[in-house]
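Student: Just dropping this structure here.
The values are calculated or read from the model by the stated rules, or taken from the named source; none is laboratory data. Computed from a prediction, not measured in an experiment: that's the story for all the values here. Using ideal geometry, Cβ is built from the backbone for each residue, glycine included, and neighbour counts are taken over all protein chains shown.
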Amino acid sequence: MKYQRVDDVPQESVEALYERLSGEAEESGYFLNPDRDFAQELIRSLLFNQERYGYWACPCRRASGKPDQDRDIVCPCDYRDQDLEEFGACYCALYVDEGISQGQRESGSIPERRPPEKERNPLQEGKKEPGPSPLPYPVWRCKVCGYLCARSEPPSLCPICKARKDRFERFM
């Protein structure tokens, strides 16, 4: 293992990933936490988790080390958009909404949205979802560009064309 501790992650790597994520977030209508030091510590943990598990397990949640079990907490996690819309920040506060980004308001406590492990993988161990669709979430389609996503609610902003939530329709 290259890094034994989170502190072993080189600052140059942290800064490079911070710049990349900041640019990608801005292009997609998202914002990183305006507290650069705080955001960089989260990014340091992402890099450590990449080395440790092989993927960017969210630093604010316990990862199993098994990609299939942790797919929902790979950064940006499945819960980011719902947390941003409801609370203005994701659970770890790496991503924040525009108001927090511009210092117009502060983020508060964000409750854990991730279901308990036994409820996360209903299709495991031969169990099937009841109902007509085997998908655990509805599929939403952006009426502007056709982007599809499977989640409980459509994203607040389309990552492709930046259309607002009201431009999505339930596809499946």
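Student: Search segment 57-68 for residues being at pLDDT 90 or above and more than 12 Å from the chain's Cα centre (by Cα), and hand back the single one that is nearest to A93 (Cα to Cα). Lay out the reasoning, then the answer.
Tutor: Keep residues of segment 57-68 that are at pLDDT 90 or above, which gives 57-66.
Filter again for more than 12 Å from the chain's Cα centre (by Cα), leaving 62-66.
Details: R62: 16, A63: 18, S64: 21, G65: 22, K66: 24 Å.
My answer is R62.
Student: Could you please give the count of residues in segment 1-27 that are surrounded by 15 or more Cβ atoms within 10 Å (Cβ to Cβ) and within 29 Å of E85 (Cα to Cα)?
Tutor: Within segment 1-27, residues that are surrounded by 15 or more Cβ atoms within 10 Å (Cβ to Cβ) and within 29 Å of E85 (Cα to Cα) number 6.
Student: Here's something else I'd like to know. Can you pull out every residue in segment 38-65 that is within 14 Å of S13 (Cα to Cα), out of contact with any strand residue (DSSP E or B) (no Cβ under 6 Å at 6 or more places or on another chain) and not polar (S, T, N, Q)?
Tutor: Within segment 38-65, E41, L42, I43, R44, L46, L47, F48, E51 qualify.
Student: Further, regarding this structure: What helices (runs of 4 or more DSSP H) lie completely within segment 25-104 and have 2 or more residues being of a type in the set (A, V, I, L, M) and assigned by TED's automatic domain parsing to the domain that holds Q4?
Tutor: It comes to 36-53.
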